[in-house]
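**Student:** Mind looking over this structure? Questions follow.
The values are calculated or read from the model by the stated rules, or taken from the named source; none is laboratory data. Not measured: the values here are computed from a predicted model. Quick reminder, even Gly has a Cβ in these numbers, built from the backbone with ideal geometry, and neighbours come from all protein chains shown. For the accessible areas, the whole protein counts, side chains as well, though only heavy atoms, and no ligand, DNA or RNA atoms are used. Shrake-Rupley method; radii C 1.70, N 1.55, O 1.52, S 1.80 Å.
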Amino acid sequence: MHDSVEKRSPSSLRRARFGWCMYDWANSAFATVILAAVLPVYFVSLVPPQGVVLPIIGGPLTPTALWSYAVAGSMILVALAAPGLGALADRTGRRKLWLALLSVAGSFATCLLALAGPERYLLAAGLFMLANACFAAANVFYNAFLPALAQGREMDRLSAQGFALGYIGGGLMLLLTFVLIRSPGLVGLTSPAQATRLGFFLTGLWWLLFSLPTFLFLREDMVPPTRSNAGFQLGLRSWWNVWKELLNYPDLLRFLLAYLFFNDGIQTIIAVAAIFGKDELGLGTTTILACFLMIQFIAMPGSLLFSRIANRHGAKNAVLLSLLCFLGITLYAFRMQQAWQFWVMGVAVALILGGSQAISRSLYGSLLPAGKYSEFYSFYAVSGKFASILGPFSFGLLAQLTGSNRLAILGLGLFFLAGIVLLLTVNVSRGRQAALEARI
């Protein structure tokens, strides 16, 4: 049992849960507009059609490959810093402080994407890498509050509620950006490109302003600091320190390895879907944005649906079901030929996307020992976002070597298959018991 949940008054706990869910509302605007729907398509328009040659990487790099490498580069930053930051936050009890600092930095970098005008693809890539690194690292400290706010099946429900609210918030910001791009004259602009850059600025502002309830209602003392004199370390040494602790929790470790693979596939599909639709199916920006809007609003009930599946059949089985569906989606995407098929795929993704992520987050939280939330959630972020290094890099490399985005997206099925096999080896009851015994 989590003492922090039991000792809180009902009104205080309600406010804290509301503030926690509001951060999903706030930062999901970044996930939809910047990471998934708008910036990838806009980025393609900035890169010369013949591709670019970059130092070390070489080339010529296609827009798809360059975008994939930018996503991978941002995740390398997170991989180097997150475990050390997580351990420091646990030992000092400053989780909300780090959440606030990273959120502010990420939102400002997002606002500055408004400066990425024609041919400024390197500026766009650099600002995106910084903003995406802050977005991913901030989620370490945000997720770390989940085990302190709920327990048992209530944790699945709260996690799903956060994702559901996030899909609505992200969908509304995407809708606003969509309207601006379609009708730039409404705000005195002369082109869709200018409206797109205004959308980036508003997305950063949305992230910042709607995070304020989170900073107001979450309290640092919800989770006591860990008693440790270990110093702050970054890079490979911090990875090694967390890895040694994870060896004491084999089922937790197996889940992380499974998550490494299947989240790799999920995040890569999100990151490259817009470019895939544009390059392979010839879809216009308006069509792609409309499809992403549909995904946002269908994903909200999808998240709540998977919460009910987890409540009835167990969190592990709910995640396994979502992965089998994703495996089928990669096969379907490989054979897509018509625009309407992209919409069908969008509906399928929407129904399982939020549920797979929400229940994975809560299942992981239920396996954590008390006092290690930020440190272990940092490894969760790194394993998930390190997946976002390997996945986009693999997709970009396959696209570059084969010249086929279809073969690249088919290869993502291997990540889901590996995740399914590893998840089948996780004994959830044994893992939760090990976490409880560690708290005594």
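**Student:** So, of the residues in segment 357-370 that are open to solvent by 10 Å² or more (accessible area, probe 1.4 Å) and small (Gly, Ala, Ser), which turns out to be nearest to residue 314 (Cα to Cα)?
**Tutor:** For segment 357-370, the residue satisfying everything is 366.
**Student:** Scanning for something under 23 Å from residue 40 (Cα atoms), of a type in the set (Lys, Arg) and more than 20 Å from the chain's Cα centre (by Cα), does segment 274-290 turn up at least one residue?
**Tutor:** Looking for residues that are under 23 Å from residue 40 (Cα atoms), of a type in the set (Lys, Arg) and more than 20 Å from the chain's Cα centre (by Cα), one finds at least one in segment 274-290, hence yes.
**Student:** When segment 326-356 is examined, which residues are found to be open to solvent by 10 Å² or more (accessible area, probe 1.4 Å), among the polar types (S, T, N, Q) and at pLDDT 85 or above?
**Tutor:** Matches in segment 326-356: none.
Residue by residue, here is whether (1) among the small types (Gly, Ala, Ser); (2) modelled with pLDDT of 75 or more; (3) in contact with a helix residue (DSSP H, G or I) (Cβ under 7 Å, 6 or more places away or on another chain) holds:
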residue	(1), (2), (3)
218	no, yes, yes
226	no, no, yes
236	no, no, no
243	no, yes, no
253	no, yes, yes
261	no, yes, yes
282	yes, yes, no
292	no, yes, yes
311	no, yes, yes
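**Student:** Continuing with this model, one more query. What are the residues in segment 178-191 that are under 12 Å from residue 285 (Cα atoms) and crowded, with 17+ Cβ neighbours inside 10 Å, if any?
**Tutor:** Correct list: 178, 181.
**Student:** Another question about this same structure. Is one or more of the residues making up segment 267-278 assigned to a helix (DSSP H, G or I), open to solvent by 10 Å² or more (accessible area, probe 1.4 Å), over 23 Å from residue 415 (Cα atoms) and of a type in the set (S, T, N, Q)?
**Tutor:** no
**Student:** Please state which of the following conditions residue 152 fails to meet, knowing it meets all the rest: (1) touching a helix residue (DSSP H, G or I) at 6+ places or on another chain (Cβ under 7 Å); (2) closer than 25 Å to residue 263 by Cα; (3) open to solvent by 10 Å² or more (accessible area, probe 1.4 Å).
**Tutor:** (1)
**Student:** Return yes when residue 418 is modelled with pLDDT of 90 or more, outside any loop (DSSP other than H, G, I, E, B) and in contact with a helix residue (DSSP H, G or I) (Cβ under 7 Å, 6 or more places away or on another chain) and no when it is not.
**Tutor:** Yes; evaluated as a whole, the condition is true for this residue.
**Student:** Also, quick follow-up: In segment 188-223, what residues are within 20 Å of residue 290 (Cβ to Cβ) and aliphatic (A, V, I, L, M)?
**Tutor:** Matches in segment 188-223: 193, 195, 198, 202.
**Student:** Across segment 421-434, what is the total count of residues that are part of a helix (DSSP H, G or I) and surrounded by fewer than 16 Cβ atoms within 10 Å (Cβ to Cβ)?
**Tutor:** 4
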